[in-house]
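Have a look at the structure below before the remarks.
Derivation of every value follows stated rules applied to the coordinates shown; laboratory data play no part. Treat the numbers as computed from the prediction; the structure is a model and nothing was measured. Glycine gets a Cβ as well: all are built from the backbone with ideal geometry, and neighbour counts include every protein chain shown.
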Amino acid sequence: METTQTTLIDGSKLIIESLARSGAQAFVAYPITPSNWMYKYGKQRLPLFLAAPDEITTLQWMAGLSATGVMPVTSSAFPGIALMVESINMAYAMELPMVIIITQRLGPSTGSATTGAQGDLSLLKGIISGGYAVPVLSPSDFVDAWTLANEAVRVALKYRTPVFLLTSKEMVMYQRSFDLNRLPTLRSYDYDREIEGEFKPYKPVRNLTPAFVPLGDDNHLTRFTASTHDEDANIRKNDPEALANSKRLQEKLVQNLDDFFHMDLDTVEGARDLILTWGITADAAREAVQQLRSRGKAVDLLTVKTLLPVHPRIYDIIDGYERTFIAEENLNGQFRQILFGEKTSENILGISKIGNMITPPEIIRAVETQKSLQL
Amino acid sequence: MSTTVSTKILTDKKFPFCPGCGHGIAIRNLAKVLQQLGYRPQDVAVVSDIGCSGLIDPLFATHTIHGLHGRSPALGLGVAMGLQQKPGKKTIAFIGDGGATIGLQHILEAARRNVDMTLIVLNNQLYGMTGGQISGLTTRKFKEIIDFETDVPAFNLVHLAHASGARFAARVDHPKQMPEVLKRAVETEGFALIEIASLCTSYAFKRLDELMDVVQEEEVLENPRPATQIRLAERPSLLDRQEIIHKEYEPGRPGRYGFVLAGSAGGGVQSVGKFLATAGMRAGLHATMKGEYPITVGTGFSVAEVIFDHRPIRYTGIDVDFIGVIVTTDGLEKIRKRITPGSRIYLDEKLKDADLPAREVIVRPFTKYVNRKSAALLATAYMLRQEQIIPLEALRETLTKHRLAKVFLETLDKLAELDG
């Protein structure tokens, strides 16, 4: 029996294969670099593939499919996501499951389509009008690409919400030797259609989430609406029941955050410095931490994989260190600003860079000099 | 709402429209048509837009979905494609003339795809909710009355939908014609658009005959084509086609090595990068391969970065000294600034005058012995043999498994001539 199944593979393939095995049924997209490998694989693998004429149509078709019980996914980059924003809000308000993959690339605007980045997190923090929380998962390596794609489908279906899988060109458009035996077996998920008592389209049943009845169901009639509404999906302005329903959209995600919060904490004895990172910078941080430790410098590494909503445990961990270095490939330190605002304390330092990946020596330099680094 | 499914298409709710508004006539006629055709409420999904026509979803005792302004044709098409998995269901989308202007692309797309759905366009010549502004479907005759951009004609939506491939596209002006044409639209198997003239008593006219004076002509246009069927199909795993690579050779030298292969589009650089990474894996090394090329993939530079390491590779960048292979001017110019004093470069003879700041530059006439499509492979094979990081045989073995093995192996044979 073989002990390894080593192959040369890219992150796009792992993500799409995982989505297909997890219960995603339709890939709907407009092609855009650097998400185009996922587009290719989506066509090859998902049960339904639709080449949308633009990104607004993409999200509308996805919403229509999801409302009938066909689980959709898409992949895009900032220019496409910008067009999708109103429709993402619609899907969020209607409580329609879907997975939206963002392959981050260098901005602003069209920027550089084939240069990686980690510059779209701030957009996702405020993407829902009113500042409502939306799940954002970000893989830090190929195993994460596999498991978090699965998790994105699970969370989308369980909590009836769009889920973002936030990746980068460097994750999905390069190949590496990889042992397929490292990939865990995935569970497939479906819409939660179990009704308890009288069915109301927006009456929370489990986990502050309503049961799902698809359009066209023979036993129950359902309604979906993007406007402010009560449990019956009647459009209301600012009456208490409708506002409570709107607040529930946030609460179902924040109160159940433990269920989908993912991170890795790598510790050694005596560390007083913490490197915190996410996404594509994690590989450089892992290398930097190993080199620092080999030089006798005790340093710990926190890799956050569920970026939004922000889990309070991140603050608890940071509080245990004298200094925290937050490394991410963007101009101003987007996750750092989400965690601590524009003005941070002396013990929160940033390592930021645009145009190229942050390198291990750059992280090492920041830690050894105890200074922020903006490149 | 009730969970009990009744047989009525409409609820008992009072219509929310202004007195005399034409929208209610269309809704009542549609309900009658659906019942005539035997549709049950659970068989129908009504998709509504924004504006006065967007107030309709509480009036229907069917499935409903209420979305954004101008998007109901696209949302409706998504619903229609999903409902194709459940036979006997019907998607009916509503939109106003303002929404139809925003979502014109969606309408044309739905028409050309011709999936089974009905789109009802309630054209009252204006935006009722925001004060009577004009839309793309407002006729010149009406604009002359209200003195609003009289030199800009209205879209002929029926013609546009027909030209885009709609199975059925019609305009109904007088309410008398409405039941029959609506019935034909709903009966259509494929995309059916019906534009219905509707009276806005608040911002346009009080009387129907005044409206009839300004609307576009009634017509029915058909394309005899079958409805597009949407089916979900199981597809094979992407991993089934992955080549599993086993260690067959011993590496020559342990350590981490970065290779930068630089050439031009069409020169096979990306493939050679992949062959090199795979060859490294055959020698038991960890490997990464990253391509870089302009968005216009058929022209300009093409660069492949490959890393070998006897340890698992974390960081995938090459930011230190590397081994370079440069076979074209495009490739040279792309990586020139990256070349460090510790790098070693294998350079085609045609580029020998390039003043490179590398520790060593090895110049050979690669392009003398092979064409531009094979130069990167020959140069990489030469480099590999000289560096002895992995056996050249690991590369040869990789090439033999390719469908173009014969061509590739002939290129490797040129190494002997290069030596000579």
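Pick from B:ILE107, B:ILE196, B:ILE295: which residue has the top mean-square fluctuation in a GNM of chain B where Cα pairs under 10 Å get a spring? Largest GNM mean-square fluctuation: B:ILE295. Take the Cα of A:TYR315, go 7 Å toward its beta carbon, and the backbone nitrogen atoms of the stretch A:223-254 under 16 Å from that spot belong to A:254. Note down the relative contact order for chain B as a percent, whole number, built from C-alpha pairs under 8 angstrom at least six residues apart. Averaging sequence separation for qualifying contacts and normalising by length gives 11 percent for chain B. Counting only alpha carbon atoms, the long axis of helix B:23-36 and the longest principal axis of chain B meet at about 80°. Listed by chain and number, the lysines placed with their C-alpha closer than 21 angstrom to that of B:LYS334 are A:LYS169, B:LYS274, B:LYS290, B:LYS350, B:LYS352, B:LYS373; residues fewer than eight positions away on the same chain are left out. Calculate the tail of P(r) for the stretch B:23-222: the fraction of all Cα-Cα distances greater than 25 Å, expressed in %. Result: 28 percent of Cα pairs exceed 25 Å. Once R0 is set to 51 Å, what does the formula 1/(1 + (r/R0)^6) return for the Cβ-Cβ distance between B:GLU210 and A:ALA244, expressed as a FRET efficiency to the nearest 0.05? The computed FRET efficiency comes out at 0.65. Helical runs assigned H by DSSP (4 residues or longer) give chain B a calculated mean residue ellipticity at 222 nm of -9000 deg cm²/dmol, each run adding -39500 (n - 2.57) before division by the residue total.
Here the dipole of chain A is about 520 debye; that uses its Cα centre as origin and unit charges on the Cβ of Lys and Arg (positive) and Asp and Glu (negative). In plain terms, the residue of B:GLU219, B:GLU305 with the fewest other Cβ atoms within 10 Å comes first and the most crowded comes last, giving B:GLU219, B:GLU305.
Summing Cβ point charges (Lys, Arg +1; Asp, Glu -1) relative to the Cα centre of the stretch B:243-419 gives a dipole of roughly 260 debye. If you take every DSSP beta bridge fully contained in the stretch B:243-419, what fraction is antiparallel? Give it as a percent rounded to 5. In the stretch B:243-419, approximately 55 percent of DSSP beta bridges are antiparallel ones. Ranked for footprinting exposure by Cβ neighbours inside 10 Å, fewest first, A:THR58, B:THR101, A:THR344 give A:THR344, B:THR101, A:THR58. Of the residues B:ASN114, B:PHE191, B:GLY78, the one whose Cα sits farthest towards the positive end of the charge dipole of the stretch B:23-222 is B:GLY78 (charges of +1 on Lys and Arg Cβ, -1 on Asp and Glu Cβ, taken about the Cα centre).
A straight line joining the Cα centroids of the stretch A:282-307 and the stretch B:333-406 runs 35 Å. Treat every Asp and Glu Cβ in the stretch B:23-222 as -1 and every Lys and Arg Cβ as +1, leave all other atoms uncharged, and give the resulting dipole magnitude about the Cα centre to the nearest 20 debye. The calculated dipole for the stretch B:23-222 is roughly 700 debye.
Name the shape class, rounded, prolate or oblate, that the alpha-carbon gyration tensor gives for the stretch B:243-419, where a ≥ b ≥ c are the square roots of its eigenvalues, rounded holds for a/c under 1.5, and otherwise prolate holds if a/b is larger than b/c and oblate otherwise. Verdict is rounded for the stretch B:243-419. Of all beta bridges that DSSP places with both ends in the stretch A:1-260, some 35 percent have antiparallel geometry.
Can you give the direction-averaged projected area of the convex hull of the alpha-carbon atoms in the stretch A:1-260, in nm²? Before the final figure, lay out the partial values.
Numbers: hull surface 58.4 nm².
Answer in nm², one decimal: 14.6.
For helix A:78-94, what angle does its Cα long axis make with the longest principal axis of chain A, in degrees from 0 to 90 and rounded to 10? It is inclined by approximately 50 degrees. For the segment A:83-90, counting C-beta atoms of other chains within 10 Å of every residue's C-beta and taking the mean gives 2.
Using a ≥ b ≥ c from the Cα gyration tensor of the stretch A:34-136 (square roots of the eigenvalues), is it rounded, prolate or oblate, where a/c under 1.5 gives rounded and otherwise the larger of a/b and b/c decides, a/b for prolate? Because a/c hits 1.5 or more and a/b fails to exceed b/c, the stretch A:34-136 counts as oblate. Listed from fewest to most Cβ neighbours within 10 Å, the set A:ASP144, B:ASP43 follows the order B:ASP43, A:ASP144.
Between A:THR161, A:THR228, A:SER177, the Cα set farthest toward the positive side of the dipole of the protein assembly as shown (charges on each charged residue's Cβ, about the Cα centre) is that of A:SER177. The stretch B:68-87 and the stretch A:68-82 have their alpha-carbon centroids 16 Å apart. Between the helical axis of B:104-113 and the dominant principal axis of chain B, each derived from Cα atoms, what acute angle in degrees is found, rounded to the nearest 10? Helix B:104-113 sits roughly 80 degrees off the main axis of chain B.
Distance from the alpha carbon centroid of the stretch B:206-245 to that of the stretch A:223-273 works out to 35 angstrom.
Under 10 Å, Cα contacts only: if you run a Gaussian network model on chain B, which one of B:ARG140, B:ARG167, B:ARG336 comes out with the highest mean-square fluctuation? Largest GNM mean-square fluctuation: B:ARG336. The lysines whose alpha-carbon is closer than 17 Å to the alpha-carbon of A:LYS237, local same-chain residues fewer than 8 away aside, are A:LYS247. Positive end of the charge dipole of the stretch B:23-222 (Lys, Arg +1 and Asp, Glu -1 on Cβ, about the Cα centre): tell me which of B:LEU34, B:GLY88, B:SER53 has its Cα farthest that way. Most positive-ward Cα: B:GLY88.
Separation of the alpha carbons by more than 20 angstrom is noted, of B:LYS143/B:LYS176; A:LYS43/B:LYS406; A:LYS13/A:LYS158; A:LYS200/A:LYS252, for B:LYS143/B:LYS176; A:LYS43/B:LYS406; A:LYS13/A:LYS158. Calculated [222 nm] ellipticity per residue, helices only, for chain A: -10500 deg cm²/dmol; basis is -39500 (n - 2.57) per DSSP H run with n ≥ 4, divided by all residues, nearest 500. Counting only the Cα atoms, chain B fills a convex hull of 227 Å³ per residue.
Between A:ARG272 and A:THR3, the C-beta separation translates, for a Förster distance of 41 Å, into a calculated FRET efficiency of about 0.55.
By its C-alpha gyration tensor, with a ≥ b ≥ c as the square roots of the eigenvalues, how is the stretch A:263-374 shaped: rounded for a/c under 1.5, else prolate for a/b larger than b/c, else oblate? Rounded is the answer for the stretch A:263-374, as its axis ratio a/c remains below 1.5.
I want the antiparallel fraction of DSSP beta bridges within the protein assembly as shown, as a percent rounded to 5.
Among the beta bridges of the protein assembly as shown, antiparallel pairing accounts for roughly 35 percent.
Compactness of the protein assembly as shown, taken as the C-alpha radius of gyration over 2.2 N^0.38 Å, stands at 1.09. Legend: P(r) of the stretch B:1-137 from all alpha carbon pair distances, 5 Å bins from 0, whole percents, reading 2, 11, 21, 23, 21, 14, 7, 2, 0.
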